[in-house]
Amino acid sequence: MRRPLRSTAVSAVVVLLLTGCGSSAPAAGKTLNVYAAASLQAPFSDLASEFEDSNPGVSVQLNFAGSSDLATQIIAGAPADVFASANPATMERVSDEGLLASPARVFATNVLTIVVGEGNPLGIDSLDSLADPAVSVVLCAPQVPCGSAAETLQQAAAVSLNPVSEESSVTDVVGKVSSGQADAGLVYVTDAKAAEDSVDAVPINEAKQAENLYPIAVVRPGNLATEFADLVAGERGRDVLSAYGFGDQKQ
Amino acid sequence: MNAAYSGVPRWLIAVAAAGALFLVLPLAAIVLRVEWLRFGELITSDSSTAALLLSLQTSATSTVLCVLLGVPLAFALARTRFWGQRVLRALVLLPLVLPPVVGGIALLYTFGRQGLLGESLRILGVDIAFSTTAVVLAQTFVALPFLVLSLEGALRTAGTRYETVAATLGARPTTVLLRVSLPLVGPGIVAGAVLSFARALGEFGATLTFAGSLQGVTRTLPLEIYLQRETDADAAVALSLVLVAVAVIVVALAHRIQEGDAREP
């Protein structure tokens, strides 16, 4: 009795291991894999469900992460159909590998804004007021898109900031300000809008000079991928994106 | 080595080999991915050396704090009995299983500017926000349980025979502690300290959440690796290998100490 029981247990373990390792893709219908910058989470979730409604049987799988992580994944062979990046440079990395099936086109813009604690206790009203050494400012590190935008903005506005910390993500900048650890931070308008319950936004006059462009491109050729990119870059896409604070390049 | 009977069935060896492979293969993958031609240049850049030095310095400070706080804590847990001891032990070991980012949030609401102690610290003129002190606090928080756990184990294994004898010979508790107990578990303390050092060195989540990230001040090696990954994957891999090398040295050291401990009569 013992031996069969043991081998059953062993094969059960083996089966568990094997099924655990296999990826579980949805069986029925077509799946469209959309890789999008983390900042696009809200508008792309809306657009994806609209797309599913108008294309019965199609399921849109959204993969949100930092643009450069996504680019690395796509270059490593991840099955992306559409890629929407938070900056043209990252899109270029994918394009340089010859992995784009369509030219990239800009579908949205984003600008930086100052975020401060609720009620703006220090009365911060401009980029200049952040240069005061008594104000502790948190920026994104120059290596990440929001940080390089902050550098461009400082140059354009001829202001030099001494950050107390250079975070690797927008979330961390907002977190440091909303928790009161820092007095102010620079993030995108859309991030400030998403966090409006915990921080206040102060617009920057020079913001347009460090405008961030969001390109989208088809990675694996296909009608669905092209249609989805068209939806995002079209009239409807613009409406949804602007509701979340994104700008329109044609403005 | 006894060749006649190894004491384990053969299939167990096969599974053990799979387990070992699972742990070793990713490390081999890092070594294979290293861009050796640029390795020296990548790990000696300003930002890399600043991060490595900061990591070594903060981890060493955290280890000292762990020994100062952890040794008494381990003694209290192993050698005394008090109400709520079991609950306290569970709570003390909690940072072992908590995701580090949770530790960071907890520290933020304790020592942060608007935290539990923030106001009192501000009155004292102490502001640890975005300072190296914040890094040390984060590292100590996650590393302390390692020292307590390993020393408490050593204390229980050692027993209280010698202490009892010393006490009956008229030694006062402090004398017994300093002259008998501490020398007896010395290797246990060192091994625990080495483990704490290793844990502090690898600390990432709590530091990122609580201390921030600025070159030379709060950006330790793991944070530097995380940031480099954004733009220079080769640099991130090279620095990862440095961290792996340091970790290997530390683990080997701890192992030697424990083996030496076991060989003692």
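The numbers here are math on the coordinates, done by the rules we state, and not lab data. Only a predicted model underlies this, so the values are computations on that prediction, with no experimental measurement involved. Quick reminder, even Gly has a Cβ in these numbers, built from the backbone with ideal geometry, and neighbours come from all protein chains shown.
Values computed for the structure shown
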quantity	calculated
Virtual spin-label span in nm between residue A:61 and residue A:78, 7 Å along Cα→Cβ	1.1
Sites residue B:11 and residue A:239 - FRET efficiency at Förster radius 60 Å, r taken between beta-carbons, to 0.05	0.45
Cβ charges +1 (Lys, Arg) and -1 (Asp, Glu), total dipole of the protein assembly as shown, debye	3320
5 angstrom amide H check on residue A:167, placed H, neighbours 5+ away	A:139, A:140, A:141
Cβ-defined net charge surrounding residue A:153, 13 Å radius [Lys, Arg +1; Asp, Glu -1]	-3
Computed [θ] at 222 nm, helices only, for the protein assembly as shown once each DSSP H run of length n ≥ 4 contributes -39500 (n - 2.57)	-18500 deg cm²/dmol
Rounded if a/c under 1.5, otherwise prolate or oblate - the protein assembly as shown, Cα gyration tensor axes	oblate
Spin-label model distance (nm) - residue B:101 vs residue B:233, 7 Å beyond Cα toward Cβ	2.3
Chain A - convex hull of the alpha-carbon atoms, volume per residue in Å³	180
Under Karplus coefficients 6.51, -1.76 and 1.60, residue-wise ³J(HN,Hα) of the stretch B:107-113 in Hz, glycine/proline x	5, 4, 7, 9, 9, x, 3
5 angstrom amide H check on residue A:108, placed H, neighbours 5+ away	A:214
Cβ charges +1 (Lys, Arg) and -1 (Asp, Glu), total dipole of the stretch B:38-263, debye	1080
Sites excluded, chymotrypsin sites (Phe, Trp or Tyr not before Pro) in DSSP loops with at most 15 other C-beta within 10 Å, longest stretch of chain B	B:84-265
Check: chain A dipole with +1 on Lys, Arg Cβ and -1 on Asp, Glu Cβ, in debye	1480
Per-residue HN-Hα couplings for the stretch A:51-67 [Karplus 6.51, -1.76, 1.60; θ = phi - 60°; Hz; x = Gly/Pro]	5, 5, 5, 8, 10, x, x, 9, 10, 9, 9, 9, 10, 9, 6, x, 3
Phi to ³J(HN,Hα) by Karplus 6.51 cos²θ - 1.76 cosθ + 1.60 over the stretch A:214-221, Hz, x for Gly, Pro	10, x, 10, 8, 7, 9, 9, x
Potential extension, residue B:116-residue B:162 segment - 0.36 nm per residue separation minus Cα distance	12.2 nm
q = 0.18, 0.19 Å⁻¹, the stretch A:159-251: log10 I(q)/I(0) [Debye, one scatterer per Cα]	-0.95, -1.00
Point-to-point label distance, residue B:251-residue B:33, nm (Cα→Cβ direction, 7 Å offset)	1.8
Computed E for residue A:53/residue B:171 - FRET, C-beta separation, R0 60 angstrom, nearest 0.05	0.15
